[in-house]
Each structure stands twice: as structure tokens, then as C-alpha cells.
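Working notes for the structure below.
Read-outs throughout are calculated quantities, based only on the coordinates presented, and are distinct from any laboratory measurement. Predicted, not measured: the structure shown is a model, and the values here were computed from it. FYI the Cβ positions are ideal-geometry reconstructions off the backbone, even for glycines, and counts take in every protein chain you see.
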Amino acid sequence: MPTARAVGCAMTDTPTGSVYTLSEASAHLRLTNRGVAKLAKAHGLCMVRGRDILFTDGDIEAIKDVLRAPATSPRPATVRIAPGGDLLKDIAWRFGPSCSVDRRQMEVLRALAVSRRPLTHKQIDRAGPRTIDTFLDRGLAIEVGRDDQGDKKVSITAKGREKIAVVDRWIELRRKHGKGPGGWGRHLKEKI
């Protein structure tokens, strides 16, 4: 039976490789000391004695493997669901109308639509010069002239009438489902 001394010698005969400190390992990996320490401790890839953290060549290679990004592959084909009608069209009435104007601007557009003559922002309730400029920029209204004070006189365009039609169709959908106009139908109160 071999003695303890002989066993110890046999262990030293096998090459153990190099041992690195935390700062040497982080310099090799080009990471911060703290980042290497957190990774190594989380994956059991270091030797710890007190405050000292030591790494072998195998530990550093294993940390590299942990940091390696997974291979990307093309996405698998998605499973298509059998069509059950256009769901969005079925529930569109629950949301707001799909138009680029808000409720206040819609009131101004409606006022322009019912007027037979061009109007200025002062002649329309809840309208200001910026609203008129916005309509002109978007093509919802066209400038016809100016009044005595220099305010722009505008008339509604076909594009503006289309926006009104979009909102009216949405209000009609809501009515079919037993709901009110959802704040978009101030003009309806005047008709009643």
C-alpha cells in the first residue's frame, strides 16, 4: 500500500494548468471584475477562499461558454387559425372611430359641412386659428378668402366629408349594438 507521501507525489505529477486571480481572468475575458465574479459564482466556475477568487483554464473556458449567444434559427411556420369572419370588423364598434381627428375637431368639421358659405374660426363654436391651420395642412378644408380682420375663410373638402362619414358609420355600428355615440355625436343632440 502506498504511503501518503507517495500519493501526494502522484498527484503533483499530473499537470494542473494555470491558476488565475480575478483581475487576471477579467482582463482575459475583457469584462469587469464584478461581472466575472457574479458569473463565476452563479455557475460554480471558480474557487473561493475568503475574499480571493481563483480560476483555472477550464473555468475561464466554461465562462466563455456561458457567455456564448445561442444560435439563431429561422422561426418555425406559424399555425393559421381557420377564418371565423373578420374579428376586427366585428368588434370595431367597441373602440373609437379610425380617423385622424378628435371629437372637438369633428364638431368643427360638421359645422363647416352644414354651412353653405365659408366660415372663419370666430364663426365656429370651439374652433381656433390652429384648428383651421390643421385642417388646411391635412387637406380637410380649403381656404376661400379672408375676412375684414384678416382671418381665413374656409370650406370643407371631400376629404373632410369622408372623415365625417367614417365617424357616422362608426356611430351607426355602435347603435346596432345598443350603445350610444360615445361622445362623438354632439350633432345628434341638436337633431332631437
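If contacts are Cα pairs under 8 angstrom and at least 6 residues apart, what is the relative contact order of the stretch 16-67 in percent?
42
Which pairs break 18 Å Cα to Cα here: K38/K64; K122/K159; K159/K179?
Correct reply: K122/K159; K159/K179.
Nearest 0.05, what FRET efficiency do K122 and R175 give at R0 = 30 Å with Cβ-Cβ as r? Present the calculation step by step, with values, prior to reporting the outcome.
Values: r = 34 Å, r/R0 = 1.14.
Between K122 and R175 the formula returns 0.30.
Considering amide H positions built from the backbone, and no H for Pro or chain starts, which residues 5 or more places from I53, or on another chain, come under 5 Å of its amide H?
For I53, the qualifying residues are L22.
Counting pairs of alpha carbon atoms under 8 Å apart in space and at least six apart in sequence, what relative contact order in percent does the stretch 92-191 give?
Once normalised by length, the contact order is 31 percent.
Label the stretch 95-161 by shape, choosing from rounded, prolate and oblate, from the square roots a ≥ b ≥ c of the eigenvalues of the Cα gyration tensor; if a/c is under 1.5 it is rounded, and otherwise prolate applies when a/b is larger than b/c, oblate when it is not.
Prolate.
Per Stokes-Einstein, at 37 °C and 0.692 mPa s, what whole-number D in µm² s⁻¹ belongs to the stretch 16-67, with the Kirkwood radius over Cα pairs as the hydrodynamic radius?
310
Order by neighbour count: C46, C99, fewest other Cβ atoms within 10 Å first, most last.
Lowest to highest Cβ neighbour count: C99, C46.
Can you tally the net charge around R117? Count Lys and Arg as +1, Asp and Glu as -1, for every other residue whose Cβ sits under 13 Å from the Cβ of R117. Provide the component values of the computation, followed by the final result.
On the way: positive: R116, K153; negative: D147.
It works out to a net charge of +1.
Quote to one decimal, in nm, the extra length available between N33 and L67 on full extension: 0.36 nm per residue of separation minus the C-alpha distance between them.
Extra length available between N33 and L67 comes to 10.7 nm.
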